[in-house]
């Protein structure tokens, strides 16, 4: 069932990005990304990472809800939705052709320069303005380490695909490819505790994704929602200013 759902979902995507800012030299088309995703060497580890990400997120949400008790908050409906999501919904979302977590590849220049402290400062700044982590600290560190190793390998072997799967500009992908494994490990230790989903500050988007993924026969709607994310990551991959998720 899961494989059939995934193929129907991708079959409904038109895989076209209409933007005058994307030229032949810098543009990785969404249709080309479909081909990249459907290539087994790129698809299998990404699917595994995304599913692990969602499983850890559900566990974190469950603990957060238990700790909150009856206290209401803006994020509580989303936490409850993650906890209530059926397994098949997580599997459908995990089939997205991009990494669901924001691995911070845009900061790769700091990593190469050896400025891991700069990444630490950015993490503290995000914490100071109330950007809570989406995962348990240890789980986030372990997951980010896996994502970075996957991204590092992809950046070296398929850099154009890495741009969209990771949502990074060419320069950032090149920097990632030049990082040592020791550097990636250090970055995971520093940034892992604050790891979160892409667009974690837009809970309405993820509520819509969860609703579509949980419904029977709603693959086209889920595909449309994930395509919004694909288009945004395509834009990030060529340095376009991020827009809201609609």
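The values are calculated or read from the model by the stated rules, or taken from the named source; none is laboratory data. Values in this document were obtained by computation on a predicted structure and should not be read as measured data. We place every Cβ from the backbone using ideal geometry, glycine too, and count neighbours over all the protein chains shown.
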Please work out if residue 214 is modelled with pLDDT of 90 or more, buried (at least 16 other Cβ atoms within 10 Å of the Cβ) and more than 16 Å from the chain's Cα centre (by Cα).
yes
Of all the residues that make up segment 178-195, how many are touching a strand residue (DSSP E or B) at 6+ places or on another chain (Cβ under 9 Å) and at pLDDT below 90?
0
Residue list for segment 22-54, filter: surrounded by 15 or more Cβ atoms within 10 Å (Cβ to Cβ) and either at pLDDT 80 or above or in contact with a strand residue (DSSP E or B) (Cβ under 7 Å, 6 or more places away or on another chain) (or both):
45, 46, 47, 49, 50, 51, 52, 53, 54
